[in-house]
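Okay, structure first, notes after.
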Amino acid sequence: MSVKVYHRFNPFIPPGIKILIIGTFNPDVPCNAAHFYYSRPQNHFWRILPAVYDYPNLKKASPAEKQNFLSIHHIGLADLILSVNVETGCECNFSDQYLDDKVLEWFPVEKAILNHPTLKLVAFTRKSFEKIPAIRHRIHQVKSTCQSASIAFAFLPTPSRGITDQKLLDWKNVLNI
């Protein structure tokens, strides 16, 4: 028996978007307490990204405050996966390795790229792709579209697993285009 799980949020793409940051999946299930992209407790995205722009920590900010920050800096957020089909009882397994062969629908990143002429950079919040061949293939399709459209593409260190000076420097180097 299986169940279809959808993404919890719509992509956030502000007017005049210059940077699109892409993750993998944020399931709309009761065990996921995230109130916006990258808002799980173990994720440091909302400490790292504001620091890139010398802005205070937004980890505990409301979704509206986060969206305002993103809009000011012309940053959009989306995930590669829109829906998956998982075994009943496994809805709370958010692991990319588990979800890799269960994708039903991908976010049409190529359409977002081609429909936003102000876009300058697409960045993916992951650098390693071992044991996730479908996600690896999908991100390479996105990278190819970026290259064809003369849009920069980069990999960011994961915002999970803590924040270090080097991680912050890496994010600054990628995002300050």
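Some observations on this one:
- Among residues of the range 134-177, those that are farther than 17 Å from residue 121 by Cβ and of a type in the set (Gly, Ala, Ser), counted: 3
- Scanning the range 13-42 for residues that are closer than 18 Å to residue 69 by Cα, part of a strand (DSSP E or B) and more than 11 Å from the chain's Cα centre (by Cα) yields one hit, 19.
- Yes/no for residue 16 being closer than 23 Å to residue 118 by Cα, surrounded by fewer than 14 Cβ atoms within 10 Å (Cβ to Cβ) and in contact (Cβ under 8 Å) with a residue 60 or more places away in the chain: yes
- Summed over the range 126-165, residues that are in a loop (DSSP other than H, G, I, E, B), at pLDDT 95 or above and either farther than 24 Å from residue 39 by Cβ or more than 16 Å from the chain's Cα centre (by Cα) (or both) total 3.
- Of the residues examined, residue 123 is not one that is among the small types (Gly, Ala, Ser), surrounded by 17 or more Cβ atoms within 10 Å (Cβ to Cβ) and within 12 Å of residue 24 (Cβ to Cβ).
- Of all residues in the range 67-94, those that are outside any helix (DSSP H, G or I) and either within 14 Å of the chain's Cα centre (by Cα) or aromatic (Phe, Trp, Tyr) (or both) total 9.
- The listed residue being aliphatic (A, V, I, L, M), out of contact with any Lys or Arg (no Cβ under 9 Å at 6 or more places or on another chain) and assigned to a helix (DSSP H, G or I), out of 64, 123: 64
- For the range 1-12, the set of residues classified as surrounded by 13 or more Cβ atoms within 10 Å (Cβ to Cβ) and outside any strand (DSSP E or B) consists of 8, 9, 11, listed by residue number.
The values are calculated or read from the model by the stated rules, or taken from the named source; none is laboratory data. Because the structure is predicted, anything quoted here is derived from the model rather than measured. Quick reminder, even Gly has a Cβ in these numbers, built from the backbone with ideal geometry, and neighbours come from all protein chains shown.
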